[in-house]
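Colleague: Got a structure for you, questions after.
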Amino acid sequence: ITAVRRPLSLDELGEVIFIEIGQQYSKPGQLANNIHRISSLCENFVHVDEELGIVQFAHRTVRQFFLEKTPESQLSSFLVKLEDADHYIGEICVTYLNFNDFKTTLARRPQPLPPISPAHIAQTALKHGRGLTAPIQMIGKFSSGIRESPAIVDVVGILASFKQDDVETAKEKLQLGHPFLRFASSNWILHTTRFQKGTSVTWDLWEKMILHGHDLAQSPWGSIPFSENNSLVLEWSYKVRHYALIRFISCSGGLSSKDRSRMMQSSAREGDITLLNILFEGGKPGGEVDHLCQIAAKGGHLDIVERLLAVGAKVNARPASSGGRTALQAAAESGHLDIVERLLVIGAEVNAEAASYNGRTALQAAAEGGHLNIIERLLAAGAKVNAATAIDGQTALQVAAKSGHLDIIERLLAAGAKVNATLIIGGRTALQVAAEGGHLNIVERLLAAGAEVNAA
């Protein structure tokens, strides 16, 4: 109930709780006779919604109780690890869909269509025609050399009784006797996102279902075979983060270098260490890790930064020439002190040159973001308070004045920031940007520090 992708009905729950992973056939004798007493059996943590016909927790806080760690040791055994529970449900779904008795039912071939002669078909098609009786009888006499019986044949009735959709009919009948089948058919793929070869008991069955399809299992990419629809499967897998499918495609050589690069950047930006590790399994990361490290530092994902450093990312790799940031500059700009600390420890250059256009040194970037704690750490590491600016860049004092950060203005002035520093191309002094932004308190402070009110 905690991990299921959609609420279960009472009948669905009553069937699924007795299924074991790897079970080969259904065991109707094991079904619960007292499932209707689920509320009392679960100490009123759950209840049955009679209107919706589903089993659910009595309140949303009950689910939180089962998912969140508690300091009380006597309650720790109630903790549900969501990833483990999700994986377990996936194993149950794959087990269930591959029951031998389901295979037997679906394998039954429909009765063949009774033979209908051309004469009877013609009679039915042309029954409103005039003067056609004799020709039709001649067709009956000479078709295949068989003499037709004078008996009336209901061609329309025979054709109407022939069911072309026998598989769908079989599914409907199976669902009547197996309530959990409807859930398993549509949700099996969503509960198998973390399947892995060697750790998932039903991996071989799952792999066959992916590669060859399954009569009872619905696929988000439709009925087109996996091998003919690789790109669509990949996009769906990437969108929902179906790690098992992404790994399967990647390790089988179905992931282009362009797609791999796109997904690596996304994983670094979003902090998806699982996806990043999968992509590394399928190929060497190469020189792209430097840029990925800068992306991860900006997003504040320390675990991703550590992983990228471990595979060869250079801590002082140059930023992109236009608006780029080194890993330290990116972390400083976004206010991630833990990453700033880590990068400085392993040798990040605190005064690394800014990108040539619209760049920022680490100190300038931190000042622009208003991160006083990082300003302090960078100054302690030897950051130059009056470092040169890039084209369309600003000094640390200027960006702090523009953003209205009085506390940082104070700290930078105390560190020796030049109050009247100007830019070569299209710049503003600190006083000018403060006035432009309407920051009266900063204007007062800068004037007190000797800012030239009539500077060009």
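The values are calculated or read from the model by the stated rules, or taken from the named source; none is laboratory data. On a predicted model such as this, the values are computed, not experimentally measured, just so you know. Reconstructed Cβ throughout: ideal geometry from the backbone, glycine too, with neighbour counts over all protein chains shown. We work out accessible area using only protein heavy atoms, side chains counted, and drop any ligands, DNA or RNA first. Shrake-Rupley method; radii C 1.70, N 1.55, O 1.52, S 1.80 Å.
Colleague: State yes or no: is residue 62 at pLDDT 90 or above, farther than 22 Å from residue 190 by Cα and of a type outside the set (S, T, N, Q)?
Modeller: Considered against the rule, which asks whether it is at pLDDT 90 or above, farther than 22 Å from residue 190 by Cα and of a type outside the set (S, T, N, Q), residue 62 comes out as yes.
Colleague: When you scan segment 248-301, how many residues do you find that are among the acidic types (Asp, Glu) and either over 15 Å from residue 313 (Cβ atoms) or not in a helix (DSSP H, G or I) (or both)?
Modeller: Residues meeting the conditions: 4.
Colleague: Let me ask something else about it. Pick from 184, 244: which is open to solvent by less than 50 Å² (accessible area, probe 1.4 Å), farther than 29 Å from residue 32 by Cα, modelled with pLDDT of 95 or more and assigned to a helix (DSSP H, G or I)?
Modeller: One residue alone meets the criteria, 244.
Colleague: Is at least one residue of segment 57-69 within 27 Å of the chain's Cα centre (by Cα), assigned to a loop (DSSP other than H, G, I, E, B), of a type outside the set (A, V, I, L, M, F, W, C) and surrounded by fewer than 16 Cβ atoms within 10 Å (Cβ to Cβ)?
Modeller: Within segment 57-69 (the criterion being within 27 Å of the chain's Cα centre (by Cα), assigned to a loop (DSSP other than H, G, I, E, B), of a type outside the set (A, V, I, L, M, F, W, C) and surrounded by fewer than 16 Cβ atoms within 10 Å (Cβ to Cβ)), the answer is yes, since at least one residue qualifies.
Colleague: Does residue 90 fit the bill of being part of a helix (DSSP H, G or I) and out of contact with any Gly (no Cβ under 8 Å at 6 or more places or on another chain)?
Modeller: For residue 90, the condition - part of a helix (DSSP H, G or I) and out of contact with any Gly (no Cβ under 8 Å at 6 or more places or on another chain) - is met.
Colleague: Would you point out the residue of segment 426-450, among those that are in a loop (DSSP other than H, G, I, E, B) and over 21 Å from residue 363 (Cα atoms), that is farthest from the chain's Cα centre (by Cα)?
Modeller: 450
Colleague: Can you find a residue that is among the polar types (S, T, N, Q), in contact with a helix residue (DSSP H, G or I) (Cβ under 8 Å, 6 or more places away or on another chain) and within 15 Å of residue 296 (Cα to Cα) anywhere in segment 350-366?
Modeller: No, because not a single residue in segment 350-366 is among the polar types (S, T, N, Q), in contact with a helix residue (DSSP H, G or I) (Cβ under 8 Å, 6 or more places away or on another chain) and within 15 Å of residue 296 (Cα to Cα).
Colleague: Could you pull out every one of the helices (runs of 4 or more DSSP H) wholly within segment 365-421 that has 1 or more residues that are surrounded by fewer than 17 Cβ atoms within 10 Å (Cβ to Cβ) and touching a residue at least 12 places away in the same chain (Cβ under 8 Å)?
Modeller: Answer list for segment 365-421: 372-380, 406-414.
Colleague: Report, by residue number, each residue of segment 210-220 that is touching a helix residue (DSSP H, G or I) at 6+ places or on another chain (Cβ under 7 Å) and either crowded, with 17+ Cβ neighbours inside 10 Å or part of a loop (DSSP other than H, G, I, E, B) (or both).
Modeller: Once the filter is applied, which keeps residues that are touching a helix residue (DSSP H, G or I) at 6+ places or on another chain (Cβ under 7 Å) and either crowded, with 17+ Cβ neighbours inside 10 Å or part of a loop (DSSP other than H, G, I, E, B) (or both), segment 210-220 yields 210, 214, 215, 216, 217, 218, 220.
Colleague: Follow-up. For residues in segment 221-235 being open to solvent by 50 Å² or more (accessible area, probe 1.4 Å) and part of a helix (DSSP H, G or I), which is nearest to residue 277 (Cα to Cα)?
Modeller: Going through the qualifying residues, I end up with 235.
Colleague: Quick one: in segment 16-38, of everything that is at pLDDT below 90 and not in a loop (DSSP other than H, G, I, E, B), which residue is surrounded by the fewest Cβ atoms within 10 Å (Cβ to Cβ)?
Modeller: Only one residue tops the list, namely 29.
Colleague: Please go through segment 299-311 and pick out each residue that is surrounded by fewer than 21 Cβ atoms within 10 Å (Cβ to Cβ) and either in contact with a strand residue (DSSP E or B) (Cβ under 7 Å, 6 or more places away or on another chain) or of a type outside the set (Val, Ile, Thr) (or both).
Modeller: Of everything in segment 299-311, those that are surrounded by fewer than 21 Cβ atoms within 10 Å (Cβ to Cβ) and either in contact with a strand residue (DSSP E or B) (Cβ under 7 Å, 6 or more places away or on another chain) or of a type outside the set (Val, Ile, Thr) (or both) turn out to be 299, 300, 302, 303, 306, 309, 310.
Colleague: A further question follows. Could you check segment 318-364 and list, in sequence order, the residues that are outside any helix (DSSP H, G or I), under 21 Å from residue 402 (Cα atoms) and either among the acidic types (Asp, Glu) or open to solvent by less than 40 Å² (accessible area, probe 1.4 Å) (or both)?
Modeller: 323, 324, 325, 335, 354, 355, 359, 360, 361
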